[in-house]
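Worksheet: the structure to be examined is printed underneath.
The values are calculated or read from the model by the stated rules, or taken from the named source; none is laboratory data. Because the structure is predicted, anything quoted here is derived from the model rather than measured. Positions of Cβ are generated from backbone atoms using ideal geometry, with glycine treated the same way; all protein chains shown enter the neighbour counts.
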Amino acid sequence: MTETKPTPAFCTSCGTKTVDDAKFCAGCGSPLRADATGPSTRSTPAVGTTEPAADPRVVEAADAHPDWWRRLAAFLVDQVLIFAATAFAMQLVLRLVGAVAGFDGQERFADMFSDWISASLVSLGGLFGVALVAGTYWYYDVTLDSEHRATLGQRLLRFRVRDVADGGAIDGRQRLHYVLAMLMYAVPLIGWVAGPVAAIMFFVRPDRRLPHDLLGGVIATAAGPEL
């Protein structure tokens, strides 16, 4: 007896949400399972009759995916929070080191801190760069693993990321891939290319999935009132 594969939570062609056991997408008619053959059969109502309303569990409108400005704004909010928190933590560490080493005067320490932070930002191998990468991973890992399944920026802009296969919470492996893909935007040269590519993909792909969504196996969807 051949085992039937479950229906994916979202159509891989247009991003429309599906229901269990559906063989074809209600939005574009694409087959959702391997055992689905032929085009989707959607009857045309007779003249003078009204087509039945679509099951709300089957169809989600295109606005179920967050707009481009929401995704960009959420990304910027998250990056500002991560950068500010990392810089604050590094300043505390440097002040502690300065106190233990017996630095005289706040001005001397401020000059040292300014010179050090500028030098470390030049190289991704600097201590600040390492702390920033670690902070970024920790931030996304904790927030995406929370009950809201969204970062603070995503919660503010009212959307979340879900597993594209079943619509549920993403697991640790997906979070790792998602975060590593997000970090590529901060890498010189790579980020300069990845940014425009992400913008083009958003407007070309019906499901609005960006490079880090594809690598993480996730999809961004509008959040409900429970967020």
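Starting from region 165-186, take each residue that is assigned by TED's automatic domain parsing to the domain that holds Asp145 and list its partners that are crowded, with 17+ Cβ neighbours inside 10 Å and among the acidic types (Asp, Glu), counting only C-beta distances under 9 angstrom and pairs at least six apart or across chains.
Matching pairs, first to second residue: Ala169/Asp163; Ile170/Asp163; Asp171/Asp163; Gln174/Asp163; Tyr178/Asp213; Ala181/Asp213; Met182/Asp78.
Scan region 140-189 for residues that are of a type in the set (S, T, N, Q) and out of contact with any strand residue (DSSP E or B) (no Cβ under 7 Å at 6 or more places or on another chain) and jot them down.
Thr143, Ser146, Thr151
Which residues, counting only those in region 185-224, are of a type in the set (Ser, Thr, Tyr) and more than 20 Å from Phe159 (Cα to Cα)?
Tyr185
Here's the yes/no breakdown for (1) assigned to a helix (DSSP H, G or I); (2) more than 17 Å from Gln79 (Cα to Cα):
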{"residue": "Tyr140", "(1), (2)": "yes, no"}
{"residue": "Arg173", "(1), (2)": "yes, yes"}
{"residue": "Pro188", "(1), (2)": "no, no"}
{"residue": "Met201", "(1), (2)": "yes, yes"}
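Which one is farthest from Leu76 (Cα to Cα), of the residues in region 142-169 that are among the hydrophobic types (A, V, I, L, M, F, W, C), part of a loop (DSSP other than H, G, I, E, B) and at pLDDT 90 or above?
The qualifying residue farthest from Leu76 (Cα to Cα) is Ala150.
Since Thr221 meets every condition but one in (1) surrounded by fewer than 16 Cβ atoms within 10 Å (Cβ to Cβ); (2) in a strand (DSSP E or B), which condition does it not meet?
(1) is the only condition that Thr221 fails.
Quick one: Ala194 ticks every box in (1) surrounded by 17 or more Cβ atoms within 10 Å (Cβ to Cβ); (2) modelled with pLDDT under 90; (3) under 14 Å from His65 (Cβ atoms) bar one, so which box is it?
Just one mismatch for Ala194, condition (3).
Need pairs with beta-carbon distance below 9 Å; first residue within 15 Å of Gly129 (Cβ to Cβ) and within region 88-100, second of a type in the set (S, T, N, Q); sequence gap 6+ or separate chains.
Every condition considered, the pairs that remain are Met90/Ser120.
At pLDDT below 85, under 22 Å from the mean Cα position of the chain (by Cα) and among the hydrophobic types (A, V, I, L, M, F, W, C), is that true of Ala85?
no
Do you know which of the residues in region 121-141 that are among the aromatic types (Phe, Trp, Tyr) and at pLDDT 85 or above is nearest to the chain's Cα centre (by Cα)?
Among them, the one singled out is Tyr140.
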